[in-house]
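Undergrad: Mind having a look at this structure? Questions to follow.
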Amino acid sequence: MCKYGTYKLLKVNYRNLERCIDACIANEIKELNENGIITLGCCCGHGEHAPVVLVNEKSIKSMLTLGYDYDMLIEYSNVDISGVHQFKLNTGCKTSDEINKWSIEQIEGDLFSGFS
Ligand SMILES: [Zn+2]
């Protein structure tokens, strides 16, 4: 798949943190960051749901300008985070073919498997 745990290490612009990003969406997240979008989280969906990215409030306008579909406001009931907005990504695992394409056996270079 992009099986759970097939990641690419990426330094994101949110607090300059190094994060494990689902391999099949890592390039798109990098591009968003280069466009000044503050990405707070993301998931490729692993074939179970649509690939999504979470961005902060200030990035909404830029995301819409880039042509992304607004999905929803994420509410954290228990956590001190507000203004987290979900957008659908263009890349990511949507079909089983795409999932297989990102199979762990085909991983090269800077990709690695984090968990099993
Ligand atoms: Zn994936």
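Throughout, read-outs are computed from the coordinates displayed, never taken from laboratory work. Every value quoted in this text rests on a predicted model; they were computed, and no experiment measured them. Note that each Cβ is placed from the backbone with ideal geometry, even for glycine, and that neighbours are counted across all protein chains shown.
Undergrad: Pull up the cross-link candidates among the lysines for Lys61, meaning alpha carbon to alpha carbon under 25 Å and not fewer than 8 places away within one chain.
TA: Reachable lysines: Lys11, Lys30, Lys88.
Undergrad: What order do you get for 34-40, 84-90 when each peptide is scored by the mean count of other beta carbon atoms within 10 Å, highest first? Write out the running numbers ahead of the final one.
TA: Working: 34-40: 16.4, 84-90: 18.3.
Ranking the peptides 34-40, 84-90 by packing returns 84-90, 34-40.
Undergrad: Taking θ as phi - 60°, what are the ³J(HN,Hα) couplings along the range 13-24 by the Karplus curve (6.51, -1.76, 1.60), each to the nearest whole Hz, with x for Gly and Pro?
TA: Per-residue couplings from phi come out as 7, 6, 6, 6, 7, 8, 10, 8, 10, 3, 4, 6 Hz.
Undergrad: Each label point is 7 Å from the Cα along the Cα-to-Cβ direction; what then is the distance between the points at Glu75 and Asn13, in nm?
TA: About 3.0 nm separates the two model spin labels.
Undergrad: I need Thr91, Thr6, Thr65 ordered by Cβ neighbour count within 10 Å, fewest first.
TA: Numbers: Thr91 16, Thr6 26, Thr65 9.
Going from least to most buried by this count: Thr65, Thr91, Thr6.
Undergrad: With a 10 Å Cβ neighbour count serving as the proxy for reagent exposure, in which order, fewest first, do Met63, Met72 appear? Kindly include the intermediate steps, with their values, before the conclusion.
TA: Details: Met63 19, Met72 10.
Going from sparsest to densest Cβ surroundings: Met72, Met63.
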